[in-house]
Every structure is written in structure tokens, then in C-alpha cells.
1. Carbon and sulfur atoms: what percent of the 1.4 Å accessible area of the stretch 214-256 do they account for?
2. Amide H of Ser370: which non-local residues (sequence gap of 5 or more, or other chain) have their own amide H closer than 5 Å, using H built in the peptide plane?
3. Considering only protein heavy atoms, what is the solvent-accessible area of Lys387 at a probe of 1.4 Å, reported in Å² to the nearest 10?
4. Counting only heavy atoms of the protein chains, get the accessible area per residue of the stretch 291-441 (1.4 Å probe) and round it to a whole Å² value.
5. Would you list His45, His343 from the most to the least accessible area, probe 1.4 Å?
6. Provide Glu271, Glu381, Glu369 ordered by accessible surface of protein heavy atoms (probe 1.4 Å), highest first.
7. Just to verify a number: what accessible area does Trp150 come out at with the full protein assembly present, 1.4 Å probe, Å² rounded to tens?
8. Sorted by accessible area with a 1.4 angstrom probe, largest first, how do Asp356, Asp323 fall?
Amino acid sequence: MCAGRRAAPRRRSRSGRWGHARVQPPPAKRGPLRAPSEMRSRSPHAGLHPVLSAREGGPAGAAPGSLLGGWDTQVRPKIHWDSESDFDPQGLFDELARNEGIVGEPRSSRPRRRRSTPARADAAPAVVDERVASTVLGAPAPPGGPAVLWPRQNKTLLLIGQDNDNIEGYVDAFGTPPGFSVYVIIDDVQSGIWGPGNWGAGMLCAECLLQKHGQGVAFNLAVDIVDKIDDVVAGVWDDNIRSIAAWVKTTGGPVYMRPGYEFDGSWNHFEPTAYRLAYRRFVDLFRGDNVTNVLWVWHSAVCRQNYGGHDRMAWYPGDGYVDLFGASVFTAPYPHGHPYKSHTPQNLQDVKDWYDVAAAKDKPLAIVESTARGYDMALMESASAWKSWFQPMLEFIEQNDVRLFAYINCDWDIQPMWKGGSWGDTRLQANTILSQLWTDEMGNARWHDALGEPRTD
């Protein structure tokens, strides 16, 4: 997000200082998935989900946890819970932690895990030569990745974010979408990935979504490295990066990784050299751990003014480290003179220019953060929003073959982090008119059968 955006959420220690968290535990084993007896019949997302393995209700012959090139004709089965009240995100977090032997004991007696490099608040960040750092890990890309990673040409994969309550509100209204947008902070991957985290923008738990909606769902995963980028380069957070990689392996579906998202935003203040090294370190560590169900998204804020006045390509990690170009799109679709246009300084031409840069690199474009900023859909503003934001956005997606579209379905104004920031209530289910328009749009062929064979176009 451009002007008016606060930096990504940070976890404060009780003393009020930003603190380092302990290295996160490896994954606990997940039990088998069981489909519910009835499927959601009204869902506009029927047919949008990858086929599950035979163990999870998919066709016979599929390996457990794998995906096939075909597509189901029903909404993805969910894990069966004995009752709605049985699904308890905090309980899930506690169960995962108990399996590691770190819950139920006094805090002082819990086992401490060492980082690969000790972190000290008073220690100066390591100075690393980029020519050396880019080959320190140097793991080649793992061969034979899943055949369903790439969004097909002339198709768009829909992802919904960005906190669990608002995501589940979308699911209740429209059914389970093909994927979800989630966030995590590099110094505390337990919160947000393996268990619940809340930084004032709603509870977020990627593992909870995976447990509830089943393996094979896609994830648009952003990692906040603000003020920790030098430590990332120096290897301080390698174990946490590997913990994220371990979780990605368990998902059974495609994960689109965005380390250091909105790299050119002034609120992140990333120096280009440090950013390139940090981004590459993520990629190399994932490759070293043989994570195959991941694609790497180089995500620009697409604002009028880049941090430090740098050319955007100064942050480019290299062709071998980027699969898709990412963009944030908030007020760009609004016409000049629109009352919400000034909330974010960007136009659709800015996004089109970014698409042209991506095309020159032979990289598809992904819109990985977006919302109709400023509108309060609950106040019957849906007709205006559809005409001034959704229609031009959907036309842009069609005309420029945008492969991912991540919509932030959120009542921003009730969340402490965003309250008073002119974000509004952009939930698609907030009124009947908007819900019907969205349901009709999701019936279009572009949103179906979106994932397929490895990229050949």
C-alpha cells in the first residue's frame, strides 16, 4: 500500500520494545482429512478447487497429499469437526506446541532452541559482499515440482485475505475460494503460520485455515522482514525461514511466497542491495530444503514514488529468483476526481507500466494485494464501488492476463491497526447487491480451472 499505509504489524514484548522471538518448532503431524457429509450447494466457487488426493476424497490413484492436473466439480471438502464449536484455533495452536513438549511446563523450563546465529540487540549487522552472499547457499532449483503450480494462461487464481474472521465470513457467503492470503513476521513464525497471531488487524492463523479447508488450497504468503533485513542476510533467521519452508511442504498445494513484500515502499525502507540478498536467501534456503510447491513473487507497491528515489529494478533479485511480478492495487482503478482516489497515489497506467516491465522479463503479473479502498459496502455503496473499482479492475485483469488476484475482504474500520485510515468496509458479502454481482462474476470461465501444467506459455 502506498501513502497512508502503516508498516506491517510488529509484535511488541511486554517491556514495550520490539523483541526477538525464539526459533519456531518443526511441524506436528497432521491427522487424516475427512470430508463432511454435505457440500455447499450455493457456492460460486464450485469447480475452482484442485482435485484432492484419494486419501482426501479425490480420484483414485493420486498420491497422498498430491495434486493432479484436473479439477473437482464440487467445493473442496473440509475437515470434519464433531461440531462447529470444536474448531478452536487456540486449541490447535496448543496441540501443535504440546507435540513439541513446550506447553504445560513453566516458561523458564521450556526447552530453548538456538538460532543458526545468535542475535544481540547491540550487535552490528554483518557486512556481506553481495557477490559472495549470492552463492553462499547456491542450491539449485529442485527438479520435478508439482504440475499444478502455475496459473494457466488466460486464467486467474482467486485468493481471499487477510484475517481468519473476515476470510471465514467470505466462506460463509460464497464457499471456499481457491486460496487465501496470509502474513507472518520473520522473528515469530509461530504466530500467524503454525498458530494464531493478532497484531491489531484480526486473528491470523494459516495452519488453522489449512486444517479447516483441507490440503491443496493455495496460499499467498507474505513475510515481513522490516528492520530485520540485515539479520536475514547474515543468517540470523535461517531456522525460522526453514520453519516456514517446512510448513509450506505440508500444504499440499501451491504457495506463492512474498519475502519483503512491497519492497519499494517508503514505509519499509529497504536498501536495494540488502533486499536482493535477503530475498535470495529465502529462495536458496527453500531450494536447499527441496520445497517444490512454491513460486516466488517479487512484489512492488506500485506507488508513484519509490523509496530513496531508486529505480524499481534496483531491487530485482535476478531472473532465476523470480517467478511472477507482484503488485498492490488499491485506488488505481478509480477515475480522476473520485473522492477516494487520493488515498493512494497510483493509477491503472502505473500498474500497466509494471505489467510491461514484467512482460519484458517474460514474467506473469500477479495482483497480490487489493481492495476497493474507502468504500463502506455495508452503507449500500456497492453500486458505485462496482462501477468505479470492480469493473475497471476486472477489465484490467482480462486485458493484461493477470494470473493471481488477491482481494482483501475486510471490515478495516473496526480493526485497531487500520481504524481511521480511510480503508472502509470492503467485504464482498456486506450487502446483497454486491454479493450477487460477485457471484455472477465468479461464474465466468476466467476464474475456473486456473491452475495446470508447469508453465509453458
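The values are calculated or read from the model by the stated rules, or taken from the named source; none is laboratory data. These numbers come from a predicted model, not from an experiment. Virtual Cβ from ideal backbone geometry, glycine too; neighbours counted across all protein chains shown. Accessible surface areas use protein heavy atoms only, side chains included; no ligands, DNA or RNA. Shrake-Rupley method; radii C 1.70, N 1.55, O 1.52, S 1.80 Å.
1. Working: 280 of 710 Å².
So the carbon and sulfur contribution to the accessible surface is 39 percent.
2. Distant-sequence amide H within range of Ser370: Val329, Ile408.
3. Result for Lys387: roughly 150 Å² accessible.
4. Numbers: 5390 Å² over 151 residues.
So the stretch 291-441 comes to 36 Å² accessible per residue, rounded to a whole number.
5. Details: His45 0, His343 45 Å².
Ranked from most to least accessible, the order is His343, His45.
6. Values: Glu271 90, Glu381 50, Glu369 0 Å².
If we order Glu271, Glu381, Glu369 from most to least accessible, we get Glu271, Glu381, Glu369.
7. Counting only protein heavy atoms, Trp150 exposes about 40 Å² to solvent.
8. Details: Asp356 65, Asp323 40 Å².
Correct descending sequence by accessible area is Asp356, Asp323.
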